[in-house]
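What follows is a short report on a single structure.
The values are calculated or read from the model by the stated rules, or taken from the named source; none is laboratory data. Given the structure is predicted, the values throughout are model-derived calculations rather than measurements. Please note: Cβ atoms are built from the backbone with ideal geometry, for glycine as well, and neighbour counts cover all protein chains shown. For the accessible areas, the whole protein counts, side chains as well, though only heavy atoms, and no ligand, DNA or RNA atoms are used. Shrake-Rupley method; radii C 1.70, N 1.55, O 1.52, S 1.80 Å.
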Amino acid sequence: MESLFAAQGFHARVKPLWYLVWATLSQTGMSFVQQGIIVMGFLFALKYHLDFVEIGLVTTSMSLGVMVSMIFMGILADRLGPRRLLFAGAVVMAGLAALLTQVRGFHTLLGMFFLLGVSLAAVPMAGTKAVFTAFQNRSRGTPMGIRQTGVPLGAALAAVILPILAVRGGLNAVYALFAAELWIVGWIFAAVIEPVKKSAAAKPRPATKVSRALWRPAVVSVLMVAGQYFLITFTLEYLHRFRHFTLTEAGAALALAQVGGGLGRVLFGLYSDRSGANRARTISRIALLAVVMVGIIVFLPAHVGFGWICVIWFFTGMGAIGWNALSLTWAAETVPPDQAGFAMGFVGTVVFLGSAFFPPILGAVIDATHHFRPAWIILAGILAAAGMMAWYASTHALAAKPEKG
């Protein structure tokens, strides 16, 4: 751990610890918006009289926007460098968030969420490329995991802050907060990233096709994301309307799930680094934890104390959310360093593809059955399939090997 955070040979304008702080806050700011919109699904449901499928479409609109631009943003990160991409991206994101204050109709709102999602993809692609590059020749699983804690941290903050802010100040207050924080944290992190040094002798070789090795982390990731977005999209509805906890209690449980996921990203990254950097095998064990916890939820009795709900949601979040950083690291380590942005963009794209279609599909199951249990059971099956595929990948030649370039 000391060598990981040693300043000597570190490629950035600040020391490694501070670099990770700003990288994490940048990702937190993006997640606060992207997953915050999902957390507020119940508010949109009240305002626009939505059913569960339409609540899922709120998730889909933002996720589709991120999905369609992620590979492109990854290529830009490879070609322009993460610093330039993030400087420009922060301005565009803040502008689009501010424009949300002028939107009135639900369908127009979905369109704006899509456009905002397109711009938000600059943050994960610039951030992952920046951290992956800055920590070259070091164990990358841990710093990538630390940066990725910004995703559940942003969602946890959104679960606690946004419902209160929206109720007291209205949605326009939420959109104004989005615009301000996206611009501020984006520019701060961009300022500490080392500019790309162009060399005629070492020109980047952007990827032009998807490596066969990338399909395994991609397929595992698209299945694993079902658990992450089911928790985010439906926890408030499930705990408040089905189990009759207050919105404050439901929000606290969701926040604990995000805390568990964030802690998992760091611990699983550290474990993966110290156990031979077999990312796929670690992900298979994370998937097993998620399956066990979802199974516990399926068989919960009708009356459960809130303390037990907190414990269950914490560990469910650890399994359902704690895998993401390792999947991006797994993908980046399967290609040459100058194509890492493309690789992470490709896997990120399929992750958001899963986040776009799983919530409406599982929401349709809830609508059709008038119960959450069938949806939880289906989710357990999806996560089990992801775990088996990750285990298979870990035992074959295409399983990721640490790349030190």
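So that you can scan it fast, the table gives a plain yes or no per residue for (1) in contact with a His (Cβ under 6 Å, 6 or more places away or on another chain); (2) surrounded by fewer than 20 Cβ atoms within 10 Å (Cβ to Cβ); (3) touching a residue at least 24 places away in the same chain (Cβ under 8 Å):
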{"residue": "F234", "(1), (2), (3)": "no, no, yes"}
{"residue": "E237", "(1), (2), (3)": "no, yes, yes"}
{"residue": "R241", "(1), (2), (3)": "no, yes, no"}
{"residue": "T246", "(1), (2), (3)": "no, yes, no"}
{"residue": "G251", "(1), (2), (3)": "no, no, yes"}
{"residue": "L254", "(1), (2), (3)": "no, no, yes"}
{"residue": "A257", "(1), (2), (3)": "no, no, yes"}
{"residue": "V266", "(1), (2), (3)": "no, no, yes"}
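Residue check: is P360 free of Cβ contacts under 8 Å to residues at least 40 places away in the same chain, of a type outside the set (G, A, S) and in a helix (DSSP H, G or I)?
Here the answer is no, as P360 does not meet what is asked.
Scan region 45-57 and tell me whether some residue there is in contact with a Phe, Trp or Tyr (Cβ under 6 Å, 6 or more places away or on another chain), open to solvent by 10 Å² or more (accessible area, probe 1.4 Å) and modelled with pLDDT of 90 or more.
No - not one qualifying residue is present in region 45-57.
Does G170 fit the bill of being of a type outside the set (S, T, N, Q), at pLDDT 80 or above, open to solvent by less than 10 Å² (accessible area, probe 1.4 Å) and closer than 30 Å to Q102 by Cβ?
Considered against the rule, which asks whether it is of a type outside the set (S, T, N, Q), at pLDDT 80 or above, open to solvent by less than 10 Å² (accessible area, probe 1.4 Å) and closer than 30 Å to Q102 by Cβ, G170 comes out as no.
Those residues that are in contact (Cβ under 8 Å) with a residue 60 or more places away in the chain and not β-branched (V, I, T), I need them from region 49-75; list them, please.
D51, F52, G56, L57, S63, L64, M67, M70, F72, M73, G74
State the number of residues belonging to region 112-151 that are touching a Lys or Arg at 6+ places or on another chain (Cβ under 7 Å) and at pLDDT 90 or above.
1
Taking region 249-287 as the region of interest, how many residues are of a type in the set (V, I, T) and under 17 Å from I312 (Cα atoms)?
2
When you scan region 220-233, do you find a residue that is at pLDDT 85 or above, over 16 Å from I321 (Cβ atoms) and in a helix (DSSP H, G or I), even just one?
no
Among the listed residues R279, R274, which satisfies the condition of being basic (K, R) and within 16 Å of V219 (Cα to Cα)?
The match here is R279.
In region 197-216, which residue that is open to solvent by 80 Å² or more (accessible area, probe 1.4 Å) and not small (G, A, S) is modelled with the highest pLDDT?
Here the answer is W215.
At pLDDT 85 or above, of a type outside the set (D, E, K, R), over 22 Å from P152 (Cβ atoms) and open to solvent by 10 Å² or more (accessible area, probe 1.4 Å), is that true of V21?
Against the criterion (at pLDDT 85 or above, of a type outside the set (D, E, K, R), over 22 Å from P152 (Cβ atoms) and open to solvent by 10 Å² or more (accessible area, probe 1.4 Å)), V21 does not qualify.
Regarding A368, is this residue open to solvent by 10 Å² or more (accessible area, probe 1.4 Å), of a type outside the set (V, I, T), outside any loop (DSSP other than H, G, I, E, B) and under 28 Å from L64 (Cβ atoms)?
So A368 fits the description; yes.
Within region 381-402, is there a residue that is under 23 Å from S61 (Cβ atoms), at pLDDT 95 or above, of a type in the set (A, V, I, L, M, F, W, C) and within 23 Å of the chain's Cα centre (by Cα)?
So far as region 381-402 goes, yes, one or more of its residues are under 23 Å from S61 (Cβ atoms), at pLDDT 95 or above, of a type in the set (A, V, I, L, M, F, W, C) and within 23 Å of the chain's Cα centre (by Cα).
Considering region 239-257 alone, what residues qualify as being under 15 Å from R373 (Cα atoms) and either among the basic types (K, R) or at pLDDT 90 or above (or both)?
Selection gives L239, R241, R243.
Yes/no per residue for (1) of a type in the set (S, T, N, Q); (2) part of a loop (DSSP other than H, G, I, E, B); (3) open to solvent by 10 Å² or more (accessible area, probe 1.4 Å):
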| position | (1), (2), (3) |
| --- | --- |
| R281 | no, no, yes |
| L289 | no, no, yes |
| G295 | no, no, yes |
| H303 | no, yes, yes |
| W308 | no, no, yes |
| I312 | no, no, yes |
| F315 | no, no, yes |
| A320 | no, no, no |
| L326 | no, no, no |
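Would you call T108 farther than 20 Å from V185 by Cα and polar (S, T, N, Q)?
yes
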